[in-house]
Amino acid sequence: MHAAAQNAALPEPGPEALDASRRMLDALGAELASHGNWISFARFMECALYAPGLGYYAGGAAKLGGAGDFVTAPELGRLFGRCLARQVADLLQPGDAILEFGAGSGALAQTLLDELERLGAGGHAYCILEPSAELADRQRARLGGRPRWLDRLPQGFRGVMLANEVLDAMPVHALAWTEAGVRERGVCVNEGQLVWNERPAGGAILAAAREIDVAPRYESEIGLAGQAWVGAAARALERGALLIIDYGFPAHEYYHPQRAGGTLMCHYRHRAHADPFYLPGLQDITAHVDFSALAAAGQGAGLELLGYTSQAAFLVNCGITELLEASDPADVRRHAPLAAEANRLLSPAEMGELFKVLALGRGIDAPLRGMAQLDRAHRL
């Protein structure tokens, strides 16, 4: 079995990377063979991203930064983390901890720990729950013994939970709303290639799909795994806040008629494309986040909706303009990179509008600094 025909616009991987992808394809072939040559797209995505030793997040290749496939906000510099630290500091009480899910390279943890100390809010335990052993090793190399790594979600947690670009990489079910009914889009092998194959949807997937009002033919995704994850985090949160930062939309925008092809997106060597079957194991596979569904999952588990806004509004509320003003424009060598970083974080054409911040909590009485202006919670 081999991957779909390579896109000429994408960089050619080296022999070692190609061999790793072939082994991932072999594993997918075995998975398909054991399930009658059909698996859900959610299962395919789970295997391609997380299969031990083979999946994208379980392999050894660089993923973030210039040598990887994509760049997250904390990788651009320290502005994002410094602003977020102000919101985190507001929420922390004596004895509280911080729990970061999927800490990537450790860049955000490093900035938060440094900035919280500078703000006089240091001393709180910093925990990381990282599903990728390879990334956890990189985090330890960068952060030393400052955080504590967990292997499971702690119960009775008090403090601040952080999920920055975590939900978009959780497996999603791919669906097609057709004149004949809702069909689940799965994966099979045809003439040696991975291809889409549809079957009638059923069970919880069909029930969730029937709640979505779209005109056929319409293709999109439902993130049941992400909703379940939010529910689990909510039940573990005894007091404090869960901050989710990711790219996505509220439901009425997510399932908009103009988005009839869905939101699946793949990233390989800083190129974005829409073929999830290209070199499995070597590329990131993502779907945009339905923030309405996540908010409902959190509220269903007893959390209060504390706010929802764009990343740009959140960062402005948390003082990014003040941090920029503290930099001397005459010092071009230092100020120019800072201004460029801020532009990428704030610009509607970059990350400022597509990325959103959802805040859920329990036992939080004071309004959140990051939601002080332009809170869009009413649009969820």
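The values are calculated or read from the model by the stated rules, or taken from the named source; none is laboratory data. None of these values were measured; they are calculated from a predicted model. Cβ placement follows ideal geometry from the backbone for every residue including glycine, while neighbour counts extend to all protein chains displayed. Side chains included, ligands, DNA and RNA excluded: accessible areas come from the protein's heavy atoms. Shrake-Rupley method; radii C 1.70, N 1.55, O 1.52, S 1.80 Å.
Taking all Cα pairs closer than 8 Å and separated by 6 or more residues, the relative contact order of the chain comes to 20 percent. Electrostatic bookkeeping for LEU79 treats Lys and Arg as +1 and Asp and Glu as -1; over the other residues with beta carbon under 10 Å from its beta carbon, the sum is +2.
Accessible surface of region 64-166, 1.4 Å probe: 47 percent of it comes from carbon and sulfur atoms. In terms of its C-alpha gyration tensor, region 273-380 comes out oblate, because a/c is 1.5 or above while a/b does not outweigh b/c. Only one of (i) 72, 51, 31; (ii) 87, 51, 37; (iii) 61, 46, 39 was calculated from the structure for Cα extents along the principal axes in Å, and its label is (iii). Where does the charge balance sit around ARG239 when Lys and Arg score +1, Asp and Glu -1, over other residues with C-beta under 12 Å from its C-beta? Result for the neighbourhood of ARG239: -2. For the chain, the antiparallel share of DSSP beta bridges with both residues in that region comes to about 60%. Tally up the carbon and sulfur contribution to the accessible surface of region 259-380 as a whole percent, 1.4 Å probe, everything protein left in place. The nonpolar share, carbon plus sulfur, comes to 53 percent.
When +1 charges are put on Lys and Arg Cβ atoms and -1 charges on Asp and Glu Cβ atoms, the dipole computed for region 136-262 relative to its Cα centre reaches about 760 debye.
For the chain, the longest principal axis of the Cα atoms and the long axis of helix 332-346 meet at an angle of about 60 degrees.
For the chain, the longest principal axis of the C-alpha atoms and the axis of helix 133-143 are separated by about 20°.
Give the accessible surface of region 182-322 per residue, rounded to a whole number of Å², with probe radius 1.4 Å and ligands, DNA and RNA excluded.
Here the residues of region 182-322 average 37 Å² of exposed surface.
Computed with every protein chain present, the accessible area of THR321 is close to 60 Å² [probe 1.4 Å]. The fraction of accessible area contributed by carbon and sulfur in region 204-243 is 51 percent, rounded to a whole number (1.4 Å probe; ligands and nucleic acids excluded). At a Förster radius of 30 Å, what calculated FRET efficiency corresponds to the Cβ-Cβ distance of HIS378 and GLU353, to the nearest 0.05? Calculated transfer efficiency: 0.95.
When +1 charges are put on Lys and Arg Cβ atoms and -1 charges on Asp and Glu Cβ atoms, the dipole computed for the chain relative to its Cα centre reaches about 440 debye.
Measuring with a 1.4 angstrom probe and ignoring ligands and nucleic acids, SER34 comes out at about 80 Å² accessible. Starting from the Cα gyration tensor of region 228-283, take the square roots of the eigenvalues, sort them a ≥ b ≥ c, and report rounded, prolate or oblate (rounded when a/c is under 1.5, otherwise prolate if a/b is larger than b/c, else oblate). The shape class here is oblate. Its Cα centre serving as origin, region 270-380 has a Cβ charge dipole (Lys and Arg +1, Asp and Glu -1) of approximately 120 debye.
Taking the chain as a Gaussian network of alpha-carbon nodes connected by springs under 10 Å, the highest mean-square fluctuation of the residues GLN227, GLN258, GLN93 belongs to GLN258. If you sort the three axes of the alpha carbon gyration tensor as a ≥ b ≥ c, you get a/c of 1.5 or more for region 272-336 and a/b no higher than b/c, which makes it oblate. For the pair region 70-120 / region 301-330, the C-alpha centres are spaced 13 Å from each other.
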